[in-house]
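These notes concern the structure reproduced below.
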Amino acid sequence: MFGNVILPTTSVKSTKDFYVKQSTEAEGWAQVINDLKKASELLPVSYDNVTGPDKGQKGRATKGAALAFLGKAYLFTKKYPEAASQFKAVMDLGIYDLVAEYRDNFTEKNENNKESLFEVQFSRDAGGKDLNWGGEPQPGWGVVSARAITYAPRGFGWTDVQPTRSSFNEFLLEKTISGDDDPRLVATMFYNKPGLKLYGKLFSENYKNNPADLNDLFVRKYENDDSGRSDEFDWRSGINERIMRYADVLMMYAECLNETGQTAQAYQYIQKVRSRVNLPDLAAVRPNMTAAQMRDQLAHERLLEFSFEGHRFDDIKRWGWLSDPAKLAELKQRDPEFNTYQKGREFFPIPIAEINTNPGVKQNQSY
């Protein structure tokens, strides 16, 4: 997120220990990889098989989670054979699989399921009911997420995030085997689809007096719309955030195969994800793709599978699209916000307080 960060690796013993030299991005990734290697060696495959107070605990980091994130770190640093090895190790554990219903990954009904390698635990029943958005932690804080009301459709929350029309259209590029729209579309977005309900009331009824909203797009993923509670409009959401899913492991493994000259072998892992939503066999509809064509196909597949899960911009950055004039032009056409992009703005600025405190720290480019 910040590029060349200050990266302390030892406990502070005196004031001089605050003045850590600025690391390079490569040094930061090396530390991440080192930490995840160690974690993958130390963590159990499951907490169902351990003894003591940790037994049966859900939400704890596992060996599979560490291996997946280690593979992702290798992928982001373009070490494709090493990344593939970690993803294969996750698959070989034999405990992860895709859940039958895509939407089960984003509701309270099926949390910590077989597709989830790592997820942040939230609960309306744990902790207190006080607002927990900032300040010093207090005993009354709730162990909840505010994503539902933050992303909520207009009239049900703040609508801080909305889908782009280009993303909506991309879901419509391909029909399922039975001729229907990709079911991930209605699991991802609220829109004026006949019969679609928004918090118990038809979308068309909610916005019948406001044409602008009636034709707008809103986020559905991680919303409380089918909770069945009478208070779903408040800011307290108990839906766990899935940070690493098995679908991502399959997709990243396919990407590694493609980048190591094994494009033909990549098809089957992409198809596992496509088959869940009844999309046709990719090898039949787009056979014999080149590596470059497969890269674009993977970008499309990842957009549909992981919308609003926090991966897209990181993918765009690591694929080099921001420095590719043709790809950047495509991004600008899809989303006008890219018109303000300047080289270097793919990273946040180093906080000025860090620079003022530590004279050896340099600001990121373009700030």
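The values are calculated or read from the model by the stated rules, or taken from the named source; none is laboratory data. Since this is a predicted model, take the numbers as computed values, not measurements. All Cβ positions, glycine included, derive from the backbone under ideal geometry; neighbour counts span all protein chains shown. When the accessible area is computed, the model is the full protein with side chains, heavy atoms only, and any ligands, DNA or RNA have been set aside. Shrake-Rupley method; radii C 1.70, N 1.55, O 1.52, S 1.80 Å.
Structure notes:
- Positive-end extreme of charge dipole, the chain - chosen from Val249, Thr15, Gly135 (charges on Cβ): Thr15
- Estimated translational D of the stretch 189-338 in µm²/s (Stokes, Kirkwood radius over Cα pairs; 4 °C; 1.567 mPa s): 71 µm²/s
- Local electrostatic count at Gln268 - Lys and Arg +1, Asp and Glu -1, tallied over other residues with Cβ under 11 Å: +1
- Rounded to whole Å, sorted largest first: equivalent-ellipsoid semi-axes of the stretch 325-367, Cα gyration tensor: 30, 9, 5
- Check: the stretch 15-85 dipole with +1 on Lys, Arg Cβ and -1 on Asp, Glu Cβ, in debye: 80 debye
- Helix runs (DSSP H) in the chain reaching 24 Å along axis by Cα, Kyte-Doolittle at least -1.0: 25-42
- Computed per residue of the chain from DSSP H runs no shorter than four, each worth -39500 (n - 2.57), the mean residue ellipticity at 222 nm is -11000 deg cm²/dmol.
- Positive minus negative residues near Leu196 (Lys, Arg vs Asp, Glu; Cβ under 11 Å): +2
- Rounded FRET efficiency, nearest 0.05, which uses the C-beta distance separating Gln265 from Glu41 and R0 of 35 Å: 0.80
- At most 16 other Cβ within 10 Å, DSSP loop - trypsin sites (Lys or Arg not before Pro), the stretch 218-274: Arg229
- Distance from the stretch 318-356 to the stretch 210-283 (C-alpha centre basis), Å: 24 Å
- Looking at the chain, the accessible area is 51 square angstrom per residue; that uses a 1.4 Å probe and ignores ligands, DNA and RNA.
- Less than 5 angstrom separates the built amide H of Glu241 from those of Val120, Phe122, all sequence-distant by 5 or more or on a different chain.
- If R0 is 56 Å, the Cβ-Cβ spacing of Ala126 and Asn288 corresponds to a FRET efficiency of close to 0.60.
- Taken over the stretch 102-239, the convex hull of the Cα atoms encloses 142 Å³ per residue.
- In a reduced charge model with +1 at each Lys and Arg Cβ and -1 at each Asp and Glu Cβ, the chain shows a dipole moment near 480 debye about its Cα centre.
- Percent of alpha-carbon pairs separated by more than 12 Å within the stretch 233-289: 70 percent
- The trypsin sites (Lys or Arg not before Pro) of the stretch 332-367 that DSSP puts in a loop, and whose beta carbon has at most 12 other beta carbons within 10 Å, are Lys343, Lys362.
- In the chain, a dipole from Cβ-located charges (positive for Lys and Arg, negative for Asp and Glu) runs towards its positive end, and of Leu304, Thr290, Leu93 it is Thr290 whose Cα lies farthest in that direction.
- Rg of the Cα atoms in the stretch 162-237, relative to 2.2 N^0.38 Å, amounts to 1.17.
- Test item: Cα-centred dipole of the stretch 148-293, Lys/Arg +1 and Asp/Glu -1 on Cβ, debye: 220 debye
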